[in-house]
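The block underneath contains the structure these notes are about, expressed in C-alpha cells.
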Amino acid sequence: MSMAAVFEIAGSAMTAQSKRLNVVASNLANADSAASSTGGAYRARQVVFSATPVGGDRSAIGVEVTRVVEDSRPPRLQYEPGHPLAAASGYVTLPNVDAVEEMVNMISASRAYQTNADVMNAAKTLSLRTIALLQS
C-alpha cells in the first residue's frame, strides 16, 4: 500500500466522522423542540457508513457516508396539558432523540476523527524522514 493510500483512507474516515458529528449536533440541537419544519416532531437521524475503494489503483478501502436515515423509534410523549402544541389528551409529542446516546456518539466520532488525524500526522512524519534519509 502506498503512502498516498494511507492519507486517502484516513482522509475519507475524517470526512465521514465530520458528517457524523454534524448529524449528532443537529440531533442535540433539536432534542427538546416540540415542532419541526415538517409539522411533526423532529426525528433523530443516524449516518450509515460503507466501505469504498480509495487510491489511484482502488486497492485500498476507505469509508464514506452513504446516507443519513431517520431513527425508527417512536417519539417521546410528555404530559403538558397547557402547552400550545399539546393534543386533546394533554400530551406533547417530542423528538425521539436520546441526549445521552447522542453524547456517546459525539465522543466516539470525535475520537475516531482525532485518531485518523494522528494517523495522517504519523504518515507525514514518516514521509518526511524517508525524504530526509534519501537526501543524505
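A few remarks follow.
- V6 more than 11 Å from E102 (Cβ to Cβ) and part of a strand (DSSP E or B): no
- Test: residue in the range 52-62 that is among the acidic types (D, E), open to solvent by 20 Å² or more (accessible area, probe 1.4 Å) and part of a helix (DSSP H, G or I): no
- In the set A10, A44, A25, A31, only one residue is farther than 18 Å from N105 by Cα and either in contact with a helix residue (DSSP H, G or I) (Cβ under 6 Å, 6 or more places away or on another chain) or open to solvent by 20 Å² or more (accessible area, probe 1.4 Å) (or both); that residue is A10.
- Some residue of the range 82-96 being under 30 Å from A4 (Cβ atoms) and either touching a strand residue (DSSP E or B) at 6+ places or on another chain (Cβ under 7 Å) or β-branched (V, I, T) (or both): no
- Condition check for V24 on (1) under 16 Å from V69 (Cβ atoms); (2) outside any helix (DSSP H, G or I): one failure, at (2).
- Residue under evaluation R67, criteria (1) free of Cβ contacts under 8 Å to residues at least 24 places away in the same chain; (2) surrounded by 14 or more Cβ atoms within 10 Å (Cβ to Cβ); (3) in a strand (DSSP E or B), criterion not met: (2)
- Candidate set: the range 75-125, residues that are assigned to a helix (DSSP H, G or I) and more than 23 Å from the chain's Cα centre (by Cα); chosen: the one surrounded by the most Cβ atoms within 10 Å (Cβ to Cβ): A123
- Checking T15 against (1) assigned to a strand (DSSP E or B); (2) touching a residue at least 12 places away in the same chain (Cβ under 8 Å), the condition it does not meet: (1)
The values are calculated or read from the model by the stated rules, or taken from the named source; none is laboratory data. This one's a predicted model, so the numbers in the text were calculated from it and none came from an experiment. Neighbour counts run over all protein chains shown; Cβ positions are idealised from the backbone, glycine included. Remember, those area values only see protein heavy atoms, side chains included, never the ligands or the DNA or RNA. Shrake-Rupley method; radii C 1.70, N 1.55, O 1.52, S 1.80 Å.
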